[in-house]
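Written below as structure tokens is the structure these notes are about.
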Amino acid sequence: MAPLSRGMLIVIEGLDRAGKSTQHARLCQSLESQGRRVKRMRFPDRTTPIGKSIDAYLKGESQQEDHVIHLLFSANRWEAAAQIRNAIEEGTTVVIDRYYYSGIVYSAAKGKADLSLKWARDPEIGLPRPDVCVFLDIAPEAAAKRGGFGREKYETNAMQKRVRELFYELIATSDGLDICVVDAGRDVEEVEKDVMERVKDVMKQPKMTQPLTE
Ligand code: T5A
Ligand code: NA
């Protein structure tokens, strides 16, 4: 099989403290050691003006209406969309720590009647669609025992429990939204091995890059 000339788009997702950043770093390193060009990204990108508003909100330093903060998280992805597309087209593999999956489930997890999963998904339509999203699954109680939990806005057990349920609702949609589940409640090395396995599976049969549709 001829090697893929475009780069892949890989997303690492999960609850707060699931180990996303740990696995993101390890996956990037291992792809680079295989000779791939890799671009590391994360959302929220707290460095842009929109990202700074999000950062203040998450730290409890400012208030935002729920629909407004949802649209800011989405705008924070849209401001990077061209960069993602260009990198992939020029052959760089883009690996992202959180993406529209978090965007959709965290907002919908607030339980507002006028902020459904569908409403939350709509602003994401048109963003580059990943080849694969590895969902690091962990029980909220286990995640809470890991360092630093409880400092930011959404880090409560009730919220994390609902977020996890909604991730499973996304997985149950017709196309599963490209999500594959990895048990993240194990040793870092065991999780890393499974993440790499999932990514290798997708590399064998890459999808066409395409935007997210309804
Ligand atoms: N959000 C985000 C939205 O509401 N909408 C959106 O559109 C987006 C993009 C910020 C918040 O914003 C919300 C979701 C979030 O609530 P963030 O900046 O990504 O999101 O920050 P967090 O996810 O809260 O935090 P972390 O980065 O701390 O969690 P990670 O990356 O999952 O975990 P990691 O790797 O840093 O590890 C946490 C701790 O656990 C240890 C690590 O050493 C570390 O101490 N650890 C393990 N311990 C035992 N076993 C393992 N396998 C371990 N792996 C890691
Ligand atoms: Na993180």
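The values are calculated or read from the model by the stated rules, or taken from the named source; none is laboratory data. Computed from a predicted structure; not experimentally measured. All Cβ positions, even for glycine, are placed from backbone atoms using ideal geometry, and neighbour counts span all protein chains on display. These area figures cover heavy atoms from the full protein model, side chains too; ligands, DNA and RNA do not enter into them. Shrake-Rupley method; radii C 1.70, N 1.55, O 1.52, S 1.80 Å.
Some values worked out for this structure:
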read-out	value
Surface per residue (accessible, 1.4 Å probe) for the stretch 94-214, Å²	47
Given charges at Cβ of Lys, Arg, Asp, Glu: the stretch 20-103 dipole, positive-most of 71, 27, 82	27
Rounded to whole Hz, the Karplus (6.51, -1.76, 1.60) HN-Hα couplings of the stretch 38-47, x for glycine and proline	10, 10, 8, 9, 8, 10, x, 8, 7, 8
Calculated log₁₀ intensity ratio I(q)/I(0) where the Debye formula runs over C-alpha points of the stretch 1-54, q = 0.13, 0.29, 0.31 Å⁻¹	-0.45, -1.17, -1.22
Percentage relative contact order, the stretch 12-146, counting C-alpha pairs under 8 Å, at least six apart	40
Amide hydrogen neighbours beyond the local backbone of residue 42, cut-off 5 Å, H modeled	97
CD proxy at 222 nm, helix term only [per DSSP H run n ≥ 4: -39500 (n - 2.57); per residue of the chain; nearest 500]	-14500 deg cm²/dmol
Protein accessible area in the chain, 1.4 Å probe - carbon and sulfur %	52
Protection-proxy order for peptides 74-82, 8-16, each taking the mean of Cβ atoms within 10 Å per residue, highest first	8-16, 74-82
Area accessible to solvent at residue 168, 1.4 Å probe radius, in Å²	90
The stretch 63-156: C-alpha gyration tensor shape, a/c 1.5 cut-off, then a/b vs b/c	oblate
Pairwise centroid distance, computed over Cα atoms, of the stretch 133-188 with the stretch 26-58, Å	19
Ratio of Rg to Rh over the stretch 105-201 (Cα coordinates, Kirkwood Rh, two decimals)	0.98
Shape metrics for the stretch 15-132, restricted to C-alpha atoms - Rg then Dmax, Å	15.1, 48
Computed over the chain, the ratio Rg/Rh where both radii use C-alpha atoms and Rh is Kirkwood	0.94
For the stretch 155-214: rounded, prolate or oblate by the Cα gyration tensor [a/c cutoff 1.5]	oblate
About the Cα centre, charge dipole magnitude for the stretch 24-76 (Lys/Arg +1, Asp/Glu -1 at Cβ), debye	480
Counting DSSP beta bridges with both ends in the chain, the antiparallel % (nearest 5)	5
Dipole magnitude of the chain about its Cα centre (Cβ charges: Lys, Arg +1; Asp, Glu -1), debye to nearest 20	360
From phi via Karplus (6.51, -1.76, 1.60), per-residue ³J(HN,Hα) for the stretch 119-125 in Hz, x at Gly/Pro	4, 5, 7, 3, x, 8, 4
Cα lying deepest toward the dipole's positive end in the chain, options 212, 199, 116, charges on Cβ	199
Spin-label proximity, residue 212 to the stretch 168-200 - amide N less than 18 Å from point 7 Å beyond Cα toward beta carbon	168-181
